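No value in this document is a laboratory result; all are computed from the given coordinates. Small disclaimer: the values here were computed from a predicted structure and weren't measured. Ideal geometry is used to build each Cβ from the backbone, glycine not excepted, and the neighbour counts take in all protein chains shown.
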Amino acid sequence: MDSKIPLHVGIIMDGNGRWAKKRGQIRTQGHLEGLKAAKRVVKAASAMGISYLTLYTFSTENWKRTADEVGFIMGLVKQYLRGEFDFYRENGIRIRHAGDKNGLPRDIQKELEKVLEETKDFKGLQVILALNYGGRDEIARALSRMIKDQGAKPGLFSAEPVKTELIGRYLDNPDVPDPDLIIRTAGEFRTSNFLLWEGAYSEYYISDKLWPDWGEEDLEKAVDSFGKRERRFGADYAHVRNS
Ligand code: FPP
């Protein structure tokens, strides 16, 4: 294992449907196995000393799926939020949320608020559930909040060109550092509206494995690959070093 551990890892958990199809099972079976994989990976991330893990659990576009599938995923989320408290407590895991909470079913909102409150002082891994999340939607909501704030603080951004740092302060979790590494499973090369703002300089790691097959050793491989990358953040370090 390389010793360079990313502070923040984001995961686009893809391939649940294909996993089920390959076995002649219904799609929801893939999501059920996907939840088990999520638990394995959360455990592994916590043991490896990763500080933040964002899981793309349900996007703003996922509402277009059948009512049955949406209902099933929401049921799994509820089960995960409610049933894992002992695991969060034992491992000091803090649950957080990214996305539009208001667009979630009332019972999920309540469950989410409860677990956010109950885990808010835990000091270990922070698991950010991207739930009813879309990168464009997050930026739009950030701008709405900023405009609203301007009513209370005139001059906030009207006189000057808007600074990117200012927009960053209105995102869903402004204190969370940008993801160092974004993993996508099931071999797709797309961002699918995940952490568009925060992922500007993230390293990407694409795995061919379907999400339900993921486990500790896959996360280790991804982190190892991250450890070997040279990150430049747009700068030419050779030039910077030599100047
Ligand atoms: C993508 O696979 C997966 C999802 C949209 C849902 C992710 C949900 C879970 C893993 C379960 C809940 C997890 C937590 C942490 C509460 P897909 O359905 O798009 O697969 P496909 O592309 O093969 O059809």
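Restricting attention to region 97-243, the count of lysine pairs at 8 or more positions apart or across chains with alpha carbons under 30 Å apart stands at 20.
As I understand it, the dipole of the chain uses +1 on the Cβ of Lys and Arg and -1 on the Cβ of Asp and Glu, about the Cα centre. Which of PRO105, VAL223, TYR204 lies farthest toward its positive end? Sorting the options by dipole projection puts first PRO105.
Going from the fewest other Cβ atoms within 10 Å to the most, the residues TYR201, TYR52, TYR170 appear in the order TYR201, TYR170, TYR52. Amide H contacts under 5 Å for GLY10: THR54, LEU181, ILE182, ILE183, restricted to partners 5 or more places along the chain or on a different chain, H placed in the peptide plane at 1.01 Å from N. With Cα atoms defining each centre, region 13-28 and region 166-235 are spaced 23 Å apart in the structure.
Taking the beta-carbon count within 10 Å as an exposure proxy, list TRP197, TRP211 from fewest neighbours to most.
Values: TRP197 16, TRP211 28.
If I rank by nearby Cβ atoms, fewest first, I get TRP197, TRP211.
In this structure the amide hydrogen of ILE206, modeled in the peptide plane, comes within under 5 Å of the amide hydrogens of ARG184, none closer than 5 places in sequence on its chain. Using DSSP to call loops (not H, G, I, E or B), can you name the GluC sites (Glu not before Pro) in region 105-163 whose Cβ has at most 11 other Cβ atoms within 10 angstrom? In loop regions of region 105-163 (DSSP not H, G, I, E or B), there are no sparsely surrounded GluC sites (Glu not before Pro). The trypsin sites (Lys or Arg not before Pro) of region 108-207 meeting both criteria, a DSSP state outside H, G, I, E and B (loop) and at most 12 other C-beta atoms within 10 angstrom of the site's C-beta, are LYS120, LYS123, LYS163, ARG190. Only helices enter the 222 nm calculation for the chain: every DSSP H run of n ≥ 4 contributes -39,500 (n - 2.57), and dividing by all residues gives -13500 deg cm²/dmol, rounded to 500.
Can you sort ILE95, ILE73 so the residue with the fewest Cβ neighbours within 10 Å comes first? Display every interim value, and only then the final one.
Details: ILE95 24, ILE73 21.
With the sparsest Cβ surroundings first, the list reads ILE73, ILE95.
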